[in-house]
Each structure stands twice: as structure tokens, then as C-alpha cells.
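Read the structure below first, then the notes.
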Amino acid sequence: MEKPIVVLKFGGTSVADQAGRSAVIRHICAVKNSGRDAVAVVSAMGRLGKPYATDTLLTLAPDADARARDL
């Protein structure tokens, strides 16, 4: 029998600081420990200037086409 899969989506504010990231990790672990598989979708953390913000990441590939940026 296959394990049920749970898709978890966390917005940027959920992972914006260490406390939030720790809470997300605990939640994912709780799902896994309950015997289900988890797929986590996590938004970028913060705004321009933050290392993992979407706007900041896009500046690393200024010549990328739209499809590449979406990936």
C-alpha cells in the first residue's frame, strides 16, 4: 500500500525568520512521523535585499528568459 501524500504550502512570511522556519520544519516532520509523505512548497523569503527573496534571486539571472525565471 502506498503512503498518502500531503502537499504543504508555506508562504514567505512563514519562512521569513528562524523561528518561522523552525516551525515549518516541525510541521513537515510531524506529517512524516504520522506515516505520510510530504511535499513542501515554500515561497521565497522576504523582499529585495534579503538573500533568498524572489526579487533578489531574479537579479542573479538578468538575461534569463521568462521560462528560465519561472523554473
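The values are calculated or read from the model by the stated rules, or taken from the named source; none is laboratory data. Keep in mind the model is a prediction, meaning the values are calculated, not measured. Neighbour counts are summed over all protein chains in view; Cβ atoms, including those assigned to glycine, are modelled from backbone coordinates with ideal geometry.
So if I check each of Ala44, Ala19, Ala40, which one is assigned to a loop (DSSP other than H, G, I, E, B) and among the hydrophobic types (A, V, I, L, M, F, W, C)? Just a single option satisfies the conditions, and that option is Ala44. Here the range 28-61 is the region considered, the condition is being modelled with pLDDT under 85 and hydroxyl-bearing (Ser, Thr, Tyr), and the residue that is nearest to Lys3 (Cα to Cα) is Ser43. Just one of the numbered conditions (1) modelled with pLDDT under 90; (2) within 14 Å of the chain's Cα centre (by Cα); (3) not in a helix (DSSP H, G or I) is not true of Leu8: (1).
Please work out if Val15 is over 13 Å from the mean Cα position of the chain (by Cα) and surrounded by 11 or more Cβ atoms within 10 Å (Cβ to Cβ). Criteria not met by Val15.
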